[in-house]
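Below is one structure, written out as structure tokens, with a few remarks after it.
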Ligand SMILES: [Zn+2]
């Protein structure tokens with residue numbers, strides 16, 4: 001059984017890896033990570049903390065039942081949202097949870113999702129800040145991308161970070177699931193960054209490493225007149241292969 005201490009240490013490990021300079025995924029206070037503790041609470045990075053040097057004091061335990069109703073609310077101003085984030089903490093000693101805790105809370109409720117990671121990775125953002133962002137979300141260019149990032153990614157048009165972004169992520173993810181009949185692994189935020197959801201911190205890391213690699217290849221092949229996308233039939237074939245399902249379980253996606 002996973003204890004709260006195990007969850008904290010695996011979340012810190014994920015944060016430290018994502019914050020490494022050579023990965024170019026987050027600098028300063030960029031990005032955030034979360035993990036489910038129970039049906040009632042989850043752990044999430046606090047506002048402004050640095051992923052690469054995150055310590056236990058940079059993590060807040062929050063209640064789902066305080067944050068999820070906010071996603072249905074209309075007309076909350078910034079001060080009310082800030083207060084609600086403070087009110088969601090289990091311990092009054094914890095710092096203010098990231099404003100992106102709202103989408104973490106909702107995404108942790110998706111089937112099989114225990115962990116969420118969000119970064120502003122350079123290659124992914126090169127594409128998400130370009131006119132080809134949607135094309136990157138819709139298409140696949142090599143088999144391992146399908147294994148780690150799914151057949152397609154959710155695409156979220158640029159939205160003000162915070163409550164409005166959590167609302168649009170919910171809307172676009174529900175539409176994606178209804179249309180593709182698949183659970184998402186990767187959510188791309190136009191002009192902002194990328195979110196990976198998974199059953200473990202290792203799975204979230206694998207998806208984020210692979211989406212960044214895919215983006216680098218996309219950018220490079222675009223410079224050569226590409227990319228040549230895999231056909232829908234080729235993508236479905238990889239997604240349906242039993243050996244790929246085995247690899248997904250080994251990678252704890
Ligand atoms: Zn962000």
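Please treat every number below as a calculation from the coordinates, not as lab data. Note that the structure is predicted; figures quoted are calculated from it, not measured. Note: ideal-geometry Cβ built from the backbone for every residue, glycine included; neighbour counts use all protein chains shown.
Would you list the helices (runs of 4 or more DSSP H) that sit entirely within the range 40-135 and hold 1 or more residues that are within 15 Å of the ligand (Cβ to nearest atom)?
Helices (runs of 4 or more DSSP H) meeting the threshold: 101-107, 122-128.
Which ones in the range 193-217 are closer than 21 Å to residue 130 by Cβ and either away from the ligand (no atom under 15 Å from the Cβ) or part of a helix (DSSP H, G or I) (or both)?
Hits for the range 193-217 are 208, 210, 211, 212, 213, 214, 215, 216, 217.
Which of the numbered conditions does residue 24 fail, given that it passes all the others? Conditions: (1) touching a residue at least 40 places away in the same chain (Cβ under 8 Å); (2) within 20 Å of residue 103 (Cβ to Cβ); (3) surrounded by fewer than 19 Cβ atoms within 10 Å (Cβ to Cβ); (4) within 16 Å of the ligand (Cβ to nearest atom).
Here residue 24 meets the rest and fails (2).
Here are 18, 43: which of them is surrounded by 14 or more Cβ atoms within 10 Å (Cβ to Cβ), over 21 Å from residue 209 (Cα atoms), under 15 Å from the mean Cα position of the chain (by Cα) and in contact (Cβ under 8 Å) with a residue 12 or more places away in the chain?
Just one listed residue meets the conditions, 43.
Please work out which residue is surrounded by the fewest Cβ atoms within 10 Å (Cβ to Cβ), limiting yourself to the range 27-39 and to residues that are within 16 Å of residue 202 (Cα to Cα) and more than 16 Å from the ligand (Cβ to nearest atom).
36
Looking at the range 181-192, which of its residues are on the phi > 0 side of the Ramachandran plot and either in contact (Cβ under 8 Å) with a residue 12 or more places away in the chain or not in a loop (DSSP other than H, G, I, E, B) (or both)?
Residue satisfying the conditions is 191 alone.
Residues that are buried (at least 19 other Cβ atoms within 10 Å of the Cβ) and within 18 Å of residue 24 (Cα to Cα): does the range 128-139 have at least one?
yes
Tally up the residues in the range 167-192 that are under 18 Å from residue 108 (Cβ atoms) and within 15 Å of the ligand (Cβ to nearest atom), please. Break it down into steps so the answer makes sense when it comes.
Start the filter on the range 167-192 by keeping residues that are under 18 Å from residue 108 (Cβ atoms), which leaves 167-174, 176-177, 183-187, 189.
From the residues that got through so far, the ones that are within 15 Å of the ligand (Cβ to nearest atom) too are 168-169, 186-187, 189.
So the count comes out to 5.
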